[in-house]
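K.L.:
Right, I'll just put the structure down here and ask away after.
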2 protein chains.
Amino acid sequence: MVPPPADSHVDVLIVGAGPAGLMAATWMSRCGIKTRIVDKRGTKIFNGQADGLQCRTLEIFDSFDFGHRAWREANHMLEVCLWNPDEQGVLRRSDRVADTPSGLSRFTEVVLHQGRIERFFLDSLKEHSDITVERGVLPESITLDDVDAYDRKAYPITVKLQHLTEEEAIPAESKVHSNGSDVQNGLFRSNLAKDDTEGIINAAKKNPRAGSLETVKAKYVIGCDGAHSWVRRQLGFAMEGEQTDYIWGVLDIIPVTDFPDIRMRCAIHSENSGSVMVIPRENKLVRLYIQLTTTEKGEAQYDRSQITPEMILKSAQKIMAPYKIEYTYCDWWTAYQIGQRVGSKFSKNERIFLAGDAVHTHSPKAGQGMNVSMQDTYNLGWKVALVAKGICDPSILKTYQSERRKIAQDLIDFDHKFSRLFSGRPAKNILDEEGISMTEFKDTFKKAQLFTSGIGVDYGTSMIVAKEGDSTAQGDGTNVSGKKTQVAGKQSLSSVIKIGTRMPSFQVINQADARPWQFQEILKSDGRWRIIVFAGNIKDPQQSARVHALGETLSQSESFLRRCTPAEAPIDSIVEVLTIHSAPRQEVELSDFHEAFHPFQKGIGWDYWKIYVDDMSYHEGHGQAYKNYDVDPEKGCIVVLRPDMYVSWMGDLEDTVDMQNFFEGFLLSVN
Amino acid sequence: MVPPPADSHVDVLIVGAGPAGLMAATWMSRCGIKTRIVDKRGTKIFNGQADGLQCRTLEIFDSFDFGHRAWREANHMLEVCLWNPDEQGVLRRSDRVADTPSGLSRFTEVVLHQGRIERFFLDSLKEHSDITVERGVLPESITLDDVDAYDRKAYPITVKLQHLTEEEAIPAESKVHSNGSDVQNGLFRSNLAKDDTEGIINAAKKNPRAGSLETVKAKYVIGCDGAHSWVRRQLGFAMEGEQTDYIWGVLDIIPVTDFPDIRMRCAIHSENSGSVMVIPRENKLVRLYIQLTTTEKGEAQYDRSQITPEMILKSAQKIMAPYKIEYTYCDWWTAYQIGQRVGSKFSKNERIFLAGDAVHTHSPKAGQGMNVSMQDTYNLGWKVALVAKGICDPSILKTYQSERRKIAQDLIDFDHKFSRLFSGRPAKNILDEEGISMTEFKDTFKKAQLFTSGIGVDYGTSMIVAKEGDSTAQGDGTNVSGKKTQVAGKQSLSSVIKIGTRMPSFQVINQADARPWQFQEILKSDGRWRIIVFAGNIKDPQQSARVHALGETLSQSESFLRRCTPAEAPIDSIVEVLTIHSAPRQEVELSDFHEAFHPFQKGIGWDYWKIYVDDMSYHEGHGQAYKNYDVDPEKGCIVVLRPDMYVSWMGDLEDTVDMQNFFEGFLLSVN
């Protein structure tokens, strides 16, 4: 472990190095923010825990350049099979449904255990920064001074950190795995990727500062320290919600079975013995979520300390009969009680933030927890980074709570409904009012796909989401309009690119080298805002003149683009302009475009990676980007994207004053 | 550097850790062969050198699980632009051609410098074995005892290895880069991937055995030690061929230019000043091949020691006028004289082998050198490994020379023709007989694409390529038929799957989990032979019975499958059976198939990764595998693939005796 610098001032301190904390750290690494991240556990996660990766999460990973690692290693789930009792009460496959609806994303839902996902983050942090996770480090106190939100030089947060001794850190680690400890035998290590073996060995090494206490001054703190969040408890924020008596067990096993759909995602409702969800995983593993109790409330409590993998397996065998299921190898197991709770507040004075399990807990079966948690800090990270760098106005930080608390609430509501449908006994017939209608289950499941994929997220109006509406009407009631004259973009220019949602992806071709790209591949998470110029048919002289005029306006010294970019920095450092035109590629040269669309840099020459075309590729077909984006192929439009790929503003090529007003609502001038 | 084991006996000693040597080592790592690989250079390559990766090379990389790394990092070349003088002698773009013809492969030609490719191999070796490259190690003598080729216990080769001191090793390294040393300044390191920085630092560390001499006994030696091969010189084998006076310069620069196609691959013929080839590369780099002399023979020799990057640039400027080209950053440069030579023999007694530049040298402009070199050892590696393991008969080793020397000869012939067309002055008109016809150039270029992609390789008949013909008629005249009654497969069963060529790839769907795969993705390079059962329409009872009968035959204790597989090993250890059927996926269950097609293993259960179907996928369309492979969708057929993916034998489902005869020609019984 690298000892922290003598100067104990940091821009951002992240507490908790699970997926939410690592996502926050990853933003900081890409934006060059001085950051520390601490975790009380002695090592990272190696197996078990959360496993589902939703489409939107994969898009985000890809924007950080490690989506392909998850995509390659993960098990892909393509089909969901629903199994229900038939009229004779015999288990039958009643339906097959696509796991991810067609056309939602270029990714589909996949499954990979949390340990690998943490590994991707850690490798990425190492590649892009000097940020390392400091393990065995526990915060002991936190105080927040009352300062001006705009005082960029202030470090208003003081945190005392306890560096644990080996004895203190390792038990904390084994506690995480305690349920599964009796099955983590020799086989356990054989399932590890090689790079984690080193982690286990290093875990035993002593922190040179072990046993000491340290004081850190921070501008911002992000608490990603889980359901029992220490940071949340210090702030005194409540978790609101309820829990049921339904108890579920989880087994990660290599199943030996004659059940035909063991490599499909399955929802199995037995006649009277409860339900099983089958989640096929990487490395021949299958996760089974197995219902252990069959009533919502009032049942005599299970003695949870008595739950064993053998007991959970017996429940599965009963539910899945007449099929047989056994295992020799169990990778991990646990048991949990279903409950749904959401944090009352997500931030204190926009200086201390909470994210992930610290502000929402629910059942794991929809594969949402880790995804929504990472998406919390994906939403928060760039905002904190750009404010810390003096690029954006601190008022944008209010949009974290307004945007994400609503998502958490939606998640809780969905989970409440879905869990009860899943845990209930199937109705024997339409008169069986206590039973669950399997038709309703299927409908709920299918309707939920847009939500569970993460693609359905639609942020409300605010200073960074220029759409009609009252900014106080959404989320927590905070005014996030920034100033009185709120700008609204022209949503009418496309029915597909929706202000408040993430930019969809279709194939475009690089003008300079004819290479096809999914457009999202160009939208890297590097902290830059983006102006997407749909330049339309630039072979048409009139359209070409419109595009040229836009280039002129963007290049003027009083344009926001010039004013927000330091004089010595490349012009695309803060806001990048990307162009997609619709004329035939071979009839257009890069030099037909104004320099604003492909800047020239001394010593480096022209930029060949800014202008794209909607045309036929040599090997990947035609992306039909204008058609798919529903943008006028003659006249085009402008779309502004936030650093997290969400659509902020839209307008015609002439709407540059409106665009300038939009940007000036939060972008600070440096010139 | 890990000190070599006290026991200095190895199965395989590889001399030279360039791409050819690393490919050989990679096979050994996947097959568990005790191997050492030594290189006299103190460090690996960091920039410059070879850069083109052809389709077939990418398929091979993918079969070793690192194709995606090259594919992601490389620059993709999609279009070739031909530039020629027009009637007024002014340079014009005359043609645009697809760089890789459609449908040839799932990959297209890409460009990435040799240092990264070596990195992928090194990472892969580390992940799969304990083989590490021993640098600064130079062979001093080699002797080969006369032993029975079938004596598996013998170590007939004795090699003395000199461990160089730091002073000896590092000058050898800097010699490699000597041409470019004056431009490898601070910018040089900025172009390095982070993981190579460590390599540079470690290069300075001393080999603990430096200065000492060591004797190694080996079963096989593979000499991949380049154009000046020490191994070849010890064997006394000649290089046959000639060279021209054409001198070319190479610049790897970030160009500052108004030439419109600088990010396309271009062939530029000027009126009188020679030619330039433009190869756009990763990291904004462009490689220029620039002709420095314009006559084939007899011209006054350039003083090659006087060649500088500035001089090469001036030539480029002259050729590319009226366009301007400059640079601030040069990554690497060199100059070379065109020649074409091929080794007289590729092996001594099938115990010492030569590969790569050690047996063929030619001009670099067709991007063939590194590819053909790696494909040499891709052909050789599995043969040596399977013989060393006692799985295959040593007589298969003769096919290395018979198969690869013919390829080398084809390459030399192609390069001879292509180089002259490229270096010659364009004809002014059809009466200009000394000039080169630009139409002929374009035609040659297009015709060559099948060859240069590496996909065109078609190995002649031999004991491991069961097709009609005389095995002595191809290559070097060696008899590689193995025994008198040579088997020939039924080529008539498909016009697309051709005996002697590599198996093409189309999309199929896993029966058990509905996941789509490119079929080649299933064909990992792990040393296993494969039987691909095109099971046809197994919903048809008659066809189902045929398939079942095949399963029965394969499962009998006297089948070659049982006899070649050690009793305690899984049945798919030596020969893997993979099935593709054509019935609708949702109407078929895995249990409809004989166990031979999805083996059951105690403790692990059924194998869900053996049976595939040609059906519609949820998100990736329909692969139309039967149609694309041109296999009868009702009756199917059997295709046998070598461990390197080349088609060996084909037959009907009933041709099991013929298949058994084929396998018994080289597969050794262990039971």
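The values are calculated or read from the model by the stated rules, or taken from the named source; none is laboratory data. Quick caveat, the model's predicted, so the values are computed rather than measured. Counting neighbours? That spans all protein chains shown, and the Cβs are built from the backbone with ideal geometry, glycine included. Heads up: the accessible areas ignore ligands, DNA and RNA and are worked out on the full protein's heavy atoms, side chains in. Shrake-Rupley method; radii C 1.70, N 1.55, O 1.52, S 1.80 Å.
K.L.:
Report the residue of chain A with the smallest Cβ-to-axis distance, using the rotation axis that brings A onto B, in whole Å.
P.N.:
A:HIS68, 3
K.L.:
Quick one: putting +1 on the C-beta of Lys and Arg, -1 on the C-beta of Asp and Glu, what dipole do you get for chain B around its Cα centre, in Debye to the nearest 20?
P.N.:
Taking the Cα centre of chain B as origin, the dipole is about 940 debye.
K.L.:
Which percent of the accessible heavy-atom area of the protein assembly as shown goes to carbon and sulfur, probe 1.4 angstrom?
P.N.:
The value for the protein assembly as shown is 50 percent carbon and sulfur by accessible area.
K.L.:
If you don't mind, there's one more thing I want to ask. Grab the beta carbon distance between B:SER492 and B:THR472, set R0 = 25 Å, and tell me the FRET efficiency rounded to 0.05.
P.N.:
On the way: r = 25 Å, r/R0 = 0.99.
According to the calculation, E is roughly 0.50.
K.L.:
Which residues, if any, in the range A:73-94 have at least 30 Å² less accessible area in the whole protein complex than in the isolated chain, probe 1.4 Å?
P.N.:
Buried by 30 Å² or more upon assembly, which counts only protein chains, are A:HIS76, A:LEU78, A:GLU79.
K.L.:
Helix B:194-203: angle to the longest alpha-carbon principal axis of chain B, degrees 0 to 90, nearest 10?
P.N.:
80 degrees
K.L.:
Also, I was wondering about something else. Rounded, prolate or oblate, given the Cα gyration tensor of the range A:419-577, with a/c below 1.5 counting as rounded?
P.N.:
Verdict is prolate for the range A:419-577.
K.L.:
Compute the accessible area per residue over chain B, keeping the other protein chains in place, probe 1.4 Å, unit Å².
P.N.:
On a per-residue basis, 37 Å².
K.L.:
Running Debye on the protein assembly as shown with equal point scatterers at the Cα sites and no solvent, what base-10 log of I(q)/I(0) appears at q = 0.05, 0.06, 0.07 Å⁻¹?
P.N.:
Result of the Debye calculation: -0.41, -0.60, -0.83.
K.L.:
Where does each of B:LYS524, B:LYS635 land when they are ordered by accessible area, with a 1.4 Å probe and the largest first?
P.N.:
B:LYS635, B:LYS524
K.L.:
Take the alpha-carbon positions of the range A:297-431, form their convex hull, and give its projected area averaged over all directions (one quarter of the hull surface) in nm².
P.N.:
The Cα convex hull of the range A:297-431, projected and averaged over all directions, gives 12.9 nm².
K.L.:
Still on this structure, please answer the following. Over the Cα atoms of the range B:101-170, what is the Rg over Rh ratio if Rh follows Kirkwood? Working shown, then result.
P.N.:
Working: Rg = 19.4 Å, Rh = 16.8 Å.
Using only Cα positions, Rg/Rh for the range B:101-170 is 1.16.
K.L.:
Label-to-label distances across copies for B:GLU326, with labels 7 Å out along Cα→Cβ, in nm, shortest first?
P.N.:
7.8
K.L.:
Do you know which residues of the range B:598-644 lose at least 30 square angstrom of accessible area in the protein assembly compared with their chain on its own, with a 1.4 angstrom probe?
P.N.:
At a threshold of 30 Å² (probe 1.4 Å), the residues of the range B:598-644 that become less exposed are B:GLY603, B:ILE604, B:TYR608, B:TRP609, B:TYR618, B:HIS619.
K.L.:
Against the longest principal axis of chain A, how steep is helix A:166-176, in degrees 0 to 90 to the nearest 10, with axes from Cα atoms?
P.N.:
Helix A:166-176 and the main axis of chain A meet at about 80 degrees.
K.L.:
May I pose another question? Please list, ordered by chain and number, the residues whose modelled amide H lies under 5 Å from the amide H of B:SER94; skip anything fewer than 5 residues away on the same chain.
P.N.:
Here B:LEU82, B:TRP83, B:ASN84 satisfy the definition.
K.L.:
Can you compute log10 of I(q)/I(0) for the range B:602-669 with the Debye formula, treating each Cα as one identical point scatterer, at q = 0.15, 0.28 Å⁻¹?
P.N.:
Scattering profile of the range B:602-669, log10 relative to I(0): -0.74, -1.22.
K.L.:
Would the range A:489-664 count as rounded, prolate or oblate if I go by the C-alpha gyration tensor, calling it rounded below 1.5 in a/c and otherwise prolate when a/b exceeds b/c, oblate otherwise? Each step should come with its number before you reach the end.
P.N.:
Working: a/c = 1.35, a/b = 1.15, b/c = 1.17.
It comes out rounded by the Cα gyration axes.
K.L.:
One decimal, nm, shortest first: give the distances between the label point of A:GLN491 and those of the same position in the other copies, each label point 7 Å from Cα along Cα→Cβ.
P.N.:
Inter-copy label distances (nm, one decimal, shortest first): 6.5.
K.L.:
Quick check: convex hull over the Cα atoms of the range A:523-589, volume per residue in Å³, rounded to an integer?
P.N.:
100 Å³
K.L.:
May I ask for the distance between the Cα centers of the range B:519-559 and the range A:205-283, given as a whole number of Å?
P.N.:
For the range B:519-559 versus the range A:205-283, the Cα centre distance is 43 Å.
K.L.:
If you consider only alpha-carbon coordinates, what radius of gyration and Dmax does the range A:220-259 have, in Å?
P.N.:
18.1, 54
K.L.:
So, one more: Charges only on Cβ, +1 for Lys and Arg, -1 for Asp and Glu: so what's the dipole of the protein assembly as shown about the Cα centre, in debye to the nearest 20?
P.N.:
Working: 156 positive and 182 negative charges, 366 e Å.
The calculated dipole for the protein assembly as shown is roughly 1760 debye.
K.L.:
Over both sides of the B-A contact, add up the buried accessible area with a 1.4 Å probe and give it to the nearest 100 Å².
P.N.:
Buried surface at the B/A interface: approximately 4300 Å².
K.L.:
Then there's this: Once both labels are modelled 7 Å past Cα along the beta-carbon direction, what's the A:SER305-B:SER344 spacing in nm?
P.N.:
Distance between the two pseudo-spin positions: 8.5 nm.
K.L.:
Taking 2.2 N^0.38 Å as the expected size of a compact globular protein, what ratio does the Cα radius of gyration of chain A give against it, to two decimals?
P.N.:
1.00
K.L.:
How far apart, in nm, are the 7 Å Cα→Cβ label points at A:GLU242 and B:GLU282?
P.N.:
If labels sit at A:GLU242 and B:GLU282, their model points lie 5.7 nm apart.
K.L.:
Angle between the Cα long axis of helix A:438-452 and the longest principal axis of chain A, 0 to 90 degrees, nearest 10?
P.N.:
For A:438-452 against chain A, the angle is about 40 degrees.
K.L.:
Put a label point 7 Å from Cα along the Cβ direction on B:GLY469, then list its distances to the equivalent points in the other copies in nm, shortest first.
P.N.:
Its label point is 6.8 nm from the equivalent points in the other copies.
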